[in-house]
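First the structure, in the form of structure tokens, and then the observations on it.
The values are calculated or read from the model by the stated rules, or taken from the named source; none is laboratory data. Quick caveat, the model's predicted, so the values are computed rather than measured. For neighbour counting, all protein chains shown are included, and Cβ atoms are generated from backbone atoms with ideal geometry for every residue, glycine included.
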Amino acid sequence: MRTGEAMSILHRLLRVVKASHARGLALSAWLLLTSALVSAAPVLVLQLHDAIGPGSADYVLSGLKQAREQGAPLVLIELDTPGGLDSAMREIIQAMLASPVPVVVYVSPEGARAASAGTYILYAAQIAAMAPATTLGAATPVAIGFGGGEPPAAPASAASGIKQEQPANAMAAKSVNDAAAFIRGLAQKHGRNAQWAERAVREAVSLTAAEALKDNVIDVVAANVPDLLAQIDGRTVRVRDQEETLHTRGLTTQVLLPDWRQRLMSVIANPSLALVLMMIGIYGLIFEFASPGFGVAGTAGAICLLLGLYALQMLPVNYAGLGLLLLGMLLFAAELHAPSFGAFGAGGVVAFIAGGVLLFDKAQPGFGVPLWLVLALAAGSAIVVLLGGSMAMRARGRPLVGGLDDLVGLRGEIVQVEGARAWAQLRGESWEVRSASPLQVGQAVHVTGRDGLLLAVLADSYAPETQGEV
């Protein structure tokens, strides 16, 4: 082989090697970039700063779904709640336990609390964290409905070692025992203090952040979110029965705010607003049926009533209170339509106040109706009923100003005479009239009687000289 050919082959081989090396470097760089982008996915932050309700549950569930779809390394729930509904709380916890993305619950900002339902949610997280000067606990369940009220302490299981007196209410005991077993299971799943968790349910005890960290109730006390992410970096958590190591130091965060539907659910689920909507809805329909017009009152009333009923089906309602509330409104309506000298109105005020007080149990955190609102609504209804009743009584004593019975005594003028028939103008209307004496066009007459639509008239003394008579 000649030297030139050998050199040419050598150059081609070098180019092939260089090209292969460049492709390898490009592939490595692409893999490193992809890995960096995946690892740099932001931590999704959800903010629960209100009572736990249907809107809160929908917000958390949609947030966990979005975190899974966008490959977020972590979901951080900032919690500040007085408690809430048991059904909404359990829905949130079930979604947290089923999530493939680790969940951190962080009680913040300073001064916040995770009371009642918030304590259960904190125990359900893979990482439980609190800011300084925050509290948790007071997780005793509250019964709502017939015979609702705060239940007495229930006897603990033999495994807990906590002795309590036997409660007089069997339903209260069942509720407390179920809640204690539930939170004890969450504590055992994540290796936290199960005995204190049961005390929080049975004795409604509470802890500060420092005390909770010391008693192995939480995992971290952090001043802010970056501090929290730095402290939990490298920790191993159990996600759906699999061990996973967290790499959170330096990660960015993305706050996911509730959408309009979740905000609407949270607003409507406010017991005070639900009561006002129910009242506006019922009164709107009553006024529409009593005095049909353009349909504005009926349309607005129907919309408010449906929104109020939607809110009630999301809330823990005492049905005895709801019945008294509806009875009060019906008595108000009866007083307006059939004045009873205040008997229906007074009964309606008493029934409305009793129903408003009993409708929602104020012991349920965030779901009571303030007494001042109930009294204000009752007073407003009473004022409307009194004004309407007094106007109706005054109208009843006045003479009739409409219909056919007020025609007797009216004065009019003959406008047409055709043979034996004549017509007179009365109140701008043309009426057929008859008289024992002849009538002439332009003659003044007054009505003496009525036979159906035929009026009996008597001619006045003056009669103009006009042809045509009857």
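Apart from one condition, G428 fits all of (1) surrounded by 17 or more Cβ atoms within 10 Å (Cβ to Cβ); (2) over 13 Å from A456 (Cα atoms); the exception is (1).
For V267, the test of being at negative phi, touching a strand residue (DSSP E or B) at 6+ places or on another chain (Cβ under 6 Å) and surrounded by fewer than 19 Cβ atoms within 10 Å (Cβ to Cβ) is failed. Each residue in region 436-470 was checked for being of a type in the set (S, T, Y) and at pLDDT 85 or above, and 1 of them qualify. Please verify whether region 210-222 includes one or more residues that are surrounded by fewer than 16 Cβ atoms within 10 Å (Cβ to Cβ), hydrophobic (A, V, I, L, M, F, W, C) and under 21 Å from L46 (Cα atoms). Checked against the condition, which is being surrounded by fewer than 16 Cβ atoms within 10 Å (Cβ to Cβ), hydrophobic (A, V, I, L, M, F, W, C) and under 21 Å from L46 (Cα atoms), region 210-222 yields no hits at all. Residues being assigned to a helix (DSSP H, G or I), at pLDDT below 75 and among the aliphatic types (A, V, I, L, M) are entirely absent from region 143-159. Contact map, region 94-106: residues that are of a type in the set (V, I, T) paired with residues that are in a loop (DSSP other than H, G, I, E, B), Cβ distance under 7 Å, separation 6+ or inter-chain. Pairs shown: V101/A72; V101/L74; V103/A125; V103/Q126; V104/L74; V104/A125; V104/Q126; V105/A125. The helices (runs of 4 or more DSSP H) falling completely within region 221-332 that include 3 or more residues that are at pLDDT below 85 and more than 22 Å from I93 (Cα to Cα) map to 260-268, 271-290, 296-314.
Does G402 satisfy the criteria of being surrounded by 13 or more Cβ atoms within 10 Å (Cβ to Cβ), within 60 Å of the chain's Cα centre (by Cα) and at pLDDT below 85? Answer is no for this residue.
If you check A112 against the conditions, is it at pLDDT 85 or above, surrounded by 23 or more Cβ atoms within 10 Å (Cβ to Cβ), within 22 Å of A230 (Cα to Cα) and assigned by TED's automatic domain parsing to the domain that holds A222?
no
Return the residue satisfying two criteria in turn: it lies in region 106-135 and is of a type in the set (G, A, S) and assigned to a loop (DSSP other than H, G, I, E, B), and of such residues it is nearest to the chain's Cα centre (by Cα). Here the answer is S116.
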